[in-house]
Every structure is written in C-alpha cells, then in structure tokens.
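Novice: Dropping the structure in here first, questions after.
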Amino acid sequence: QVYNGSNTQEISDKAVEETEGLGVTYGDRVVNANFYSTSAGVTANSGEVWAADNGKTFPSENRGYLISKPQGLTEDTGDLTNEENAEAFFKYWEIESYDSQYPWFRWKVTLPKEVVNDFSRRVQEIYDTNHNLVEVLQEDGTWKTAKPSDLGAIQSITIAERGQGGNAMFLAITGEHGSVRIKTEYAIRNLLRPVKAVQTDVILQLKDGSEKRNYVILPSAFIVLEEEKSPEGLLESVTIYGGGNGHGAGMSQYGAKAMAEQGFDYTEILQHYFEGAKVQRIIEKG
C-alpha cells in the first residue's frame, strides 16, 4: 500500500510487464484512479469527499467514474443519508462485503472529556489551515465562513449531513458560546483524531480485536456518534463507531485483494471501482 523502499517482487514485476501500456480511461481521458486502504462496505461520491476551489465549493461536482456503490454487500443498507440507517450499518460488525474480513472494516473509539475539551482549539487549527472549511452559525440561523471564537464548554457534536455512502460531510459542534460547522471528510477526521490531549491514551479498537493507541487521524468519515453528557448538558465523551480506512472514493486496496481471491480479474476489478471506465491500451509497446 505504501512504498517504503521494499525490494522488487517477482509477482509484482510480472504484473507490471503484462499490463505495460494499459490504462484506465473514462470517455477520452485517463482517470484519476483514487484509492485507499479499506472500504466500509459502500464507496463515496467524489464530490461528497473533496471540495473544489480550495474548499470554497462543497459538495463539489462528482467525477462520473467515482460514485457511491455497494461493495459486495449481502444485505440492503437502505438510504445511508438517513441517520437511523447509517447507525444500523456502521454498528453492524458482522455484515459481509468484499472488505469485511479485514481489521479496518469496522472499528470504534471513545474520545474522553480531555479530548472533547480540546475541540475548540482543534477547530481553530483547522481554520488556520484552510479558512474555507469552517463555518460559524449566524444570528439569523445561516452558516457563514468566518473565524471561530472560543466555543467554551462543548454541549453537542452531530453529523449535520451525510453523503450517499453514509460518509460524514458536515460536522456541527455546539458550545456555550456558539456553534461551528466543519466540512469535508479530511477536516472532520482531523478534528476527531483519536489522539490524547493531555495524558490519557485514546484506544482505537479494530474488528479483529487489535488496538491502536493515539492514532494520528480518525480512520475514516464513515461514522456514527454516541454522546455521553453530564447532568448539566455538557459533553463528557463521544464514542465513534466507524468503518473503513481512508477517504472512501474509488478503489479499496483490501477490497480489490478480496475480489481477486474470489476470481475477478484485474479488468473486472478496475471497472467495478471506476464506474463506466475502460481498461485499454494508451501507450504502444516499444
């Protein structure tokens, strides 16, 4: 998945040689063949993952070959933009799909109070990185891109809008001093990163029983949230149930592996993940 200076392998060399000059095309253009580690069972529309114009336009226009579709699911999920359906799906660890045998298919993590108390600082951090990804609730009820103030004690955190694949697109945070909304999957994953804020390790539990401590970023935005509040209505902790690892648009690497093991060839796999695309010769052999 990541090149870290490994030596060449006979099987990968053979694959390169046998596919020399071939490419994946959509219409008359070569695709941007986005990929990631593990699918949650449904892929995402590209326009519901990435913004355009440096974050100003979101959702953005979907690429025709990067659309949301089920990944070998054995059961119907229903409309995953619906909160109840999303909750049932991402809390269901036994559902079968191309990716379901792998550790990152389902996971959960609880962010303790010290992390919740760090949300206001993290929002500011996201704003400083890209102003366009943070919106502030105005007195007239509209959201406007603006510099966030200190939210004070956090009262609630909710997914304000989901994509077709169930992925969180907008995350709303309400504090004693106001509300903000974070947009795009990467900004949401950064805000909710399961990293200790003071001294208590944050433990991420994977489907296979393994654990990750203080993982650098939330694995994906295919999530549902469970809040725990104090009698005063302040947020004490938030438990996140999620699926997959990565942005979720295009090809799942573990899913592709499972499809190959089930007998699909490389052309079928690529045309599954990149809807409407073709595998064809784009460079003549020398």
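Novice: I need every pair where a residue in the stretch 46-58 that is within 9 Å of residue 169 (Cα to Cα) has its Cβ under 6 Å from the Cβ of a residue that is part of a helix (DSSP H, G or I), sequence separation at least 6 or different chains.
Specialist: From the stretch 46-58, the pairs are 49/185.
Novice: Within the stretch 6-22, identify whether any single residue is outside any helix (DSSP H, G or I), surrounded by 15 or more Cβ atoms within 10 Å (Cβ to Cβ) and in contact (Cβ under 8 Å) with a residue 60 or more places away in the chain, and answer yes or no. Working first, answer last.
Specialist: Taking the stretch 6-22 and keeping what is outside any helix (DSSP H, G or I), we get 6-9, 19-22.
Filter once more, so that each one left must be surrounded by 15 or more Cβ atoms within 10 Å (Cβ to Cβ): 22.
Retained after the next criterion (residues that are in contact (Cβ under 8 Å) with a residue 60 or more places away in the chain): 22.
Looking through the stretch 6-22, at least one residue is outside any helix (DSSP H, G or I), surrounded by 15 or more Cβ atoms within 10 Å (Cβ to Cβ) and in contact (Cβ under 8 Å) with a residue 60 or more places away in the chain.
Novice: Would you say residue 263 is out of contact with any Asp or Glu (no Cβ under 8 Å at 6 or more places or on another chain), part of a loop (DSSP other than H, G, I, E, B) and of a type in the set (Gly, Ala, Ser)?
Specialist: Criteria met by residue 263.
Novice: While we're looking at this one, here's another question. Determine, yes or no, whether residue 55 is touching a Ser or Thr at 6+ places or on another chain (Cβ under 6 Å) and either crowded, with 22+ Cβ neighbours inside 10 Å or under 26 Å from residue 146 (Cα atoms) (or both). Lay out the reasoning, then the answer.
Specialist: Working: touching a Ser or Thr at 6+ places or on another chain (Cβ under 6 Å): no; either crowded, with 22+ Cβ neighbours inside 10 Å or under 26 Å from residue 146 (Cα atoms) (or both): yes.
No, not satisfied.
Novice: When the residues of the stretch 28-45 are filtered to those that are over 25 Å from residue 103 (Cα atoms) and in contact (Cβ under 8 Å) with a residue 12 or more places away in the chain, which remaining residue is surrounded by the fewest Cβ atoms within 10 Å (Cβ to Cβ)? If you could, list the steps in order and put the result at the bottom.
Specialist: Going through the stretch 28-45, the residues over 25 Å from residue 103 (Cα atoms) turn out to be 28-32.
Filter once more, keeping what is in contact (Cβ under 8 Å) with a residue 12 or more places away in the chain: 30-32.
Details: 30: 12, 31: 21, 32: 14.
By that ranking, first place goes to 30.
Novice: Note down all Cβ pairs under 6 Å where the first residue falls in the stretch 70-87 and is open to solvent by 80 Å² or more (accessible area, probe 1.4 Å), the second is of a type in the set (S, T, N, Q), and they're at least six residues apart or on different chains.
Specialist: Here the result reads 79/85, each pair linking the stretch 70-87 to a residue that is of a type in the set (S, T, N, Q).
Novice: Can you find a residue that is open to solvent by 20 Å² or more (accessible area, probe 1.4 Å), closer than 14 Å to residue 242 by Cβ and of a type outside the set (Val, Ile, Thr) anywhere in the stretch 109-126?
Specialist: Within the stretch 109-126 (the criterion being open to solvent by 20 Å² or more (accessible area, probe 1.4 Å), closer than 14 Å to residue 242 by Cβ and of a type outside the set (Val, Ile, Thr)), the answer is no, since none of the residues qualifies.
Novice: If you scan the stretch 93-108, which residues turn out to be surrounded by 15 or more Cβ atoms within 10 Å (Cβ to Cβ) and either free of Cβ contacts under 8 Å to residues at least 24 places away in the same chain or under 22 Å from residue 262 (Cβ atoms) (or both)?
Specialist: If the condition is that a residue be surrounded by 15 or more Cβ atoms within 10 Å (Cβ to Cβ) and either free of Cβ contacts under 8 Å to residues at least 24 places away in the same chain or under 22 Å from residue 262 (Cβ atoms) (or both), then 95, 97, 98, 99, 100, 102, 103, 104, 105, 106 are the ones that fit.
Novice: In the stretch 113-146, what count of residues is obtained for those that are farther than 13 Å from residue 181 by Cα and in a helix (DSSP H, G or I)?
Specialist: Here is the first cut: in the stretch 113-146, the residues farther than 13 Å from residue 181 by Cα are 113-118, 121, 125, 128-130, 139-140.
So of that shortlist, the ones also in a helix (DSSP H, G or I) come out as 113-116, 121, 125, 128-129.
Qualifying residue count, the stretch 113-146: 8.
Novice: Do you know which residues across the stretch 266-286 are closer than 19 Å to residue 68 by Cβ, in a helix (DSSP H, G or I) and out of contact with any Gly (no Cβ under 8 Å at 6 or more places or on another chain)? Give the derivation first.
Specialist: First, the residues of the stretch 266-286 that are closer than 19 Å to residue 68 by Cβ: 269-277.
Among the residues that remain, those that are also in a helix (DSSP H, G or I) are: 269-273.
Those that are closer than 19 Å to residue 68 by Cβ, in a helix (DSSP H, G or I) and out of contact with any Gly (no Cβ under 8 Å at 6 or more places or on another chain): 269, 270, 271, 272.
Novice: Count, please, the residues in the stretch 231-240 that happen to be of a type in the set (Gly, Ala, Ser) and open to solvent by 20 Å² or more (accessible area, probe 1.4 Å).
Specialist: The first filter runs over the stretch 231-240 and keeps only residues of a type in the set (Gly, Ala, Ser), leaving 233, 237.
This time we only want the ones that are open to solvent by 20 Å² or more (accessible area, probe 1.4 Å), so: 233.
Looking only at that region, the number is 1.
Novice: Might you check whether a residue that is hydrophobic (A, V, I, L, M, F, W, C) and closer than 24 Å to residue 24 by Cα occurs anywhere in the stretch 58-73? Break it down into steps so the answer makes sense when it comes.
Specialist: As a first pass, look at the stretch 58-73 and keep what is hydrophobic (A, V, I, L, M, F, W, C): 58, 66-67, 73.
Okay, now just the ones that are also closer than 24 Å to residue 24 by Cα, so 66-67.
Looking for residues that are hydrophobic (A, V, I, L, M, F, W, C) and closer than 24 Å to residue 24 by Cα, one finds at least one in the stretch 58-73, hence yes.
Novice: Out of all the residues in the stretch 180-198, is one or more surrounded by fewer than 19 Cβ atoms within 10 Å (Cβ to Cβ) and out of contact with any helix residue (DSSP H, G or I) (no Cβ under 9 Å at 6 or more places or on another chain)?
Specialist: Checked against the condition, which is being surrounded by fewer than 19 Cβ atoms within 10 Å (Cβ to Cβ) and out of contact with any helix residue (DSSP H, G or I) (no Cβ under 9 Å at 6 or more places or on another chain), the stretch 180-198 yields no hits at all.
The values are calculated or read from the model by the stated rules, or taken from the named source; none is laboratory data. Here the structure is a predicted model, which is why all the values come from computation and not from measurement. Backbone-built Cβ (ideal geometry, glycine too); neighbour counts: all protein chains shown. What goes into the accessible areas is simple: the full protein's heavy atoms, side chains included, and nothing from ligands, DNA or RNA. Shrake-Rupley method; radii C 1.70, N 1.55, O 1.52, S 1.80 Å.
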